[in-house]
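K.L.:
Mind having a look at this structure? Questions to follow.
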Amino acid sequence: MPITTDMLVDDVMQRWPATIRVFLDLRMRCVGCPVACFHTVDDAAREHGVDREALLRALRDATRHSGAPPSAHSRAS
């Protein structure tokens, strides 16, 4: 399943740990933020003034190039 703008930021980072680097590189302080479990990717882009489509593309690229399977957490759900 590809990352979509309606997914929660925390779910994205847990399912695809390689995406954490994307948030950090874009200076989005979503990692460890208590709001990450409520904000969607779209919310986070808007809140941080980041182009939504560019963020989505970067997140999807990170999942393709990470070489790692989704975390065990995602397989349990």
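K.L.:
Label the range 9-67 by shape, choosing from rounded, prolate and oblate, from the square roots a ≥ b ≥ c of the eigenvalues of the Cα gyration tensor; if a/c is under 1.5 it is rounded, and otherwise prolate applies when a/b is larger than b/c, oblate when it is not. Show your work: numbers first, answer last.
P.N.:
Values: a/c = 1.74, a/b = 1.23, b/c = 1.41.
Oblate, because a/c is 1.5 or more while a/b does not exceed b/c.
K.L.:
Find which of Leu56, Pro34, Ile20 sits farthest along the positive direction of the dipole of the range 9-67, computed with +1 on the beta-carbon of Lys and Arg, -1 on that of Asp and Glu, about the Cα centre.
P.N.:
Selected residue: Ile20.
K.L.:
Right, next: Can you work out the PRE-style zone for Thr4? Point 7 Å along Cα to Cβ, and I want the residues of the range 29-60 with backbone N under 13 Å.
P.N.:
Within reach of a label on Thr4, which here means backbone N under 13 Å from a point 7 Å along Cα→Cβ, the range 29-60 contributes 41-42.
K.L.:
Would you calculate a helix-derived [θ] at 222 nm for the chain, using -39,500 (n - 2.57) for each DSSP H run of n ≥ 4 and dividing by the full residue count, to the nearest 500?
P.N.:
Numbers: 5 runs with 41 residues, N = 77.
Calculated from helices alone, the mean residue ellipticity at 222 nm is -14500 deg cm²/dmol.
Each reported figure results from applying straightforward, stated rules to the coordinates on display, with no laboratory input. Treat the numbers as computed from the prediction; the structure is a model and nothing was measured. Every residue, glycine as well, gets a Cβ built from its backbone with ideal geometry; the counts of neighbours run over all protein chains shown.
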